[in-house]
1. Identify, please: which residue in region 177-205 is over 21 Å from the mean Cα position of the chain (by Cα) and among the β-branched types (Val, Ile, Thr) and is, among those, farthest from the ligand (Cβ to nearest atom)?
2. Which residue is surrounded by the fewest Cβ atoms within 10 Å (Cβ to Cβ), if the candidates are limited to region 235-276 and must be of a type in the set (Phe, Trp, Tyr) and under 25 Å from the mean Cα position of the chain (by Cα)?
3. Only residues in region 249-268 that are outside the structural domain of Gly435 (by TED's automatic domain parsing) and touching a residue at least 24 places away in the same chain (Cβ under 8 Å) count as the first member; pair them with residues that are part of a strand (DSSP E or B) and of a type in the set (Ser, Thr, Tyr), Cβ under 6 angstrom, at least 6 apart or cross-chain, and list the lot.
4. Among the residues of region 328-347, are any closer than 30 Å to Gly236 by Cβ and in contact with a helix residue (DSSP H, G or I) (Cβ under 6 Å, 6 or more places away or on another chain)?
5. Name the pairs: first residue in region 466-479 and at pLDDT 80 or above, second residue exposed (fewer than 10 other Cβ atoms within 10 Å of the Cβ) and among the aliphatic types (A, V, I, L, M), Cβ to Cβ under 9 Å, at least 6 apart or on different chains?
6. Restricting the first residue to region 179-200 and requiring it to be within 14 Å of Pro153 (Cα to Cα) and part of a strand (DSSP E or B), which pairs with a second residue that is among the polar types (S, T, N, Q) and more than 9 Å from the ligand (Cβ to nearest atom) meet a Cβ separation below 8 Å and a spacing of at least six or different chains?
7. Within region 434-455, count every residue that is more than 7 Å from the ligand (Cβ to nearest atom), farther than 15 Å from Ala365 by Cβ and crowded, with 16+ Cβ neighbours inside 10 Å.
Amino acid sequence: MPVISGEEYKKRINAINAEVWVAGNKVTGDISEHPAFKGIIRSQAELYGLQCDDQDNMTFSSETTGNRLGLSYLIPKTKGDLERRRKMIQQWALHSGGVMGRSPDYMNTVIAAFAASIDVLDGEANCYPDRLLQFYEYARENDLSFTHTFVNPQSNRSKLAFLEEDVTNARIMDRTEQGLIIKGAKLLATQGGITDEIIVFSAPGAQDNAHAYCFSIPSNTEGLKFICRESFANEGVSYDYPLSSRFDEVDTLVIFDDVLVPWERVFIHDNIRAATRLYVQGKFVPFTLHQIVSRQIIKTDFLLGIAQGIVDTIQIGDYQHVQSKVVEIVKGLEVMKALIIKSEHEAAVDASGIMVPARQPLYVAVNQFQESYPRFAEILQILGASGMMSIPQKADFEGEVGKQLDHFLQGVEVKGEDRVSLFRLAWDLTMSSFGSRQTLYERFFFGDPVRLSQTIYQLYDDNKALETIQPFLSKKADK
Ligand SMILES: Cc1cc2nc3c(=O)[nH]c(=O)nc-3n(C[C@H](O)[C@H](O)[C@H](O)COP(=O)(O)OP(=O)(O)OC[C@H]3O[C@@H](n4cnc5c(N)ncnc54)[C@H](O)[C@@H]3O)c2cc1C
């Protein structure tokens with residue numbers, strides 16, 4: 001099957017009819033018409049539409065069927081492949097200004113990365129690399145969409161939590177002839193309930209075998225429940241809510257009520273070492289980070305555009321501190337662009353012929369963004385000042401006071417309605433409920449920034465740096 005259209009995606013998600021709970025109610029009927037999901041499902045469908053329309057740049061030919069498939073499913077073999085993938089990812093990201101963290105390319109990349117890593121499962125007990133590869137091919141050929149959940153509920157994060165009885169985390173309760181039985185909960189599946197499948201994986205740190213697994217199941221598997229946070233999807237006209245009316249991806253707690261995972265969908269079970277190796281030593285990190293940083297570059301450009309738009313509209317560009325603040329975003333953007341090119345430049349082919357981007361530049365980029373994104377959002381607020389609150393709605397401009405608002409809220413060479421349109425965009429990106437969630441998302445979605453920087457510390461090869469100081473150390477200097 002070639003890449004799907006937006007309509008096909010919608011039809012599929014409505015037919016799946018997963019168990020999704022919003023504000024205490026189970027979603028019934030077509031989920032694509034539910035107020036919490038209407039905007040995001042429409043936006044996701046638009047992405048599939050773009051992919052269909054620009055097949056030259058967004059698809060590749062299947063080796064097995066000849067069908068055109070989504071480039072985000074491609075396992076790169078050359079540096080040119082990496083570049084093609086990046087451009088495709090950025091083309092999709094442009095459609096939302098990079099605010100859709102879970103456009104389908106994110107998880108397509110993850111499943112491709114898992115399939116590209118099956119070598120780390122070779123010879124491991126309770127691991128099924130062949131099934132993983134077959135599943136990747138099935139997903140790729142059918143243009144499946146995915147959500148995922150890797151993290152355990154927050155009930156106890158102390159170092160000695162493993163001594164307590166586990167009563168929340170999703171775990172293997174039984175291994176039957178049909179498959180695994182999973183009970184408990186996991187978080188935080190963004191787009192939970194509006195994708196074909198969910199990948200469930202234990203992030204590193206599992207303390208016992210019952211928590212060490214990797215599998216994928218359809219979103220409508222019996223006993224699987226998605227509990228949504230409050231919706232931030234403002235239903236109003238797009239003038240009022242330019243981003244939140246279209247791109248609220250919804251985050252969900254996932255509950256497993258004795259869910260049966262059939263064996264053909266189990267890739268790892270009861271093996272802490274293998275689950276950790278797939279995460280740490282496989283290609284999950286470099287490939288996923290390559291997708292993430294590609295998107296974050298587009299998002300930074302988007303923020304820069306809004307910042308410069310504000311500066312021009314109220315003419316604050318002569319002030320030195322304003323220039324410095326815009327330049328903070330410029331520096332962030334240029335560093336991210338340089339880091340992704342470095343990761344591609346230093347990419348290397350591994351033993352299985354796969355072109356793997358260099359990890360370090362990508363780790364640095366994502367960890368840097370966790371710190372700089374909240375600052376970029378703050379810069380928009382500082383530049384916008386009261387303008388972030390003088391933001392009447394479309395109805396005000398169309399009503400009796402509209403003409404006065406156009407006059408009193410004008411900017412330099414723009415009438416009030418146009419100036420407010422820009423400031424509402426800045427507000428929706430950084431201050432609405434949707435905007436606050438954007439900041440939390442960029443801080444945490446790829447893991448805790450504190451522990452990510454520890455990982456960089458642990459992995460960084462600073463032997464060369466140590467060598468540079470040797471000639472200056474007292475013993476050698478005396479010679
Ligand atoms: C908007 C959003 C969307 C997300 N979407 C997804 C998704 O789709 N799928 C998915 O699987 N996950 C998703 N996540 C979860 C994300 O992966 C986690 O937020 C992240 O891994 C951090 O884990 P936590 O939230 O449980 O924080 P915690 O681990 O509970 O940390 C809370 C605080 O305690 C500190 N802390 C805790 N333990 C330690 C430690 N050992 N050492 C040092 N400090 C510690 C942290 O630094 C942090 O300040 C999402 C998160 C957000 C915010």
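1. The qualifying residue farthest from the ligand (Cβ to nearest atom) is Ile181.
2. Looking at residues that are of a type in the set (Phe, Trp, Tyr) and under 25 Å from the mean Cα position of the chain (by Cα), I get Phe256.
3. Once the first residue is outside the structural domain of Gly435 (by TED's automatic domain parsing) and touching a residue at least 24 places away in the same chain (Cβ under 8 Å) and sits in region 249-268, its partners that are part of a strand (DSSP E or B) and of a type in the set (Ser, Thr, Tyr) give Glu249/Thr190; Asp251/Thr190; Val254/Thr149; Arg265/Ser216; Ile268/Tyr213.
4. Step one: filter region 328-347 for residues closer than 30 Å to Gly236 by Cβ, giving 329.
Imposing the further condition that a residue be in contact with a helix residue (DSSP H, G or I) (Cβ under 6 Å, 6 or more places away or on another chain) reduces the set to 329.
Within region 328-347, one or more residues are closer than 30 Å to Gly236 by Cβ and in contact with a helix residue (DSSP H, G or I) (Cβ under 6 Å, 6 or more places away or on another chain).
5. Close Cβ pairs satisfying both conditions: Pro471/Ala477.
6. Listed by first residue and then by second, the contacts come to Gly184/Thr168; Gly184/Asn169; Ala185/Thr168; Ala185/Asn169; Lys186/Asn169; Val200/Ser216.
7. Residues meeting the conditions: 4.
One line per residue, one yes/no per condition, for (1) out of contact with any Asp or Glu (no Cβ under 9 Å at 6 or more places or on another chain); (2) among the charged types (D, E, K, R); (3) outside any helix (DSSP H, G or I); (4) modelled with pLDDT under 95:
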| site | (1), (2), (3), (4) |
| --- | --- |
| Gln296 | no, no, no, no |
| Asp301 | yes, yes, no, no |
| Gly305 | yes, no, no, no |
| Gly309 | yes, no, no, no |
| Val330 | yes, no, no, no |
| Ile340 | yes, no, no, no |
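The values are calculated or read from the model by the stated rules, or taken from the named source; none is laboratory data. Everything numeric here is computed off the predicted structure, so don't read it as measured data. Note: ideal-geometry Cβ built from the backbone for every residue, glycine included; neighbour counts use all protein chains shown.
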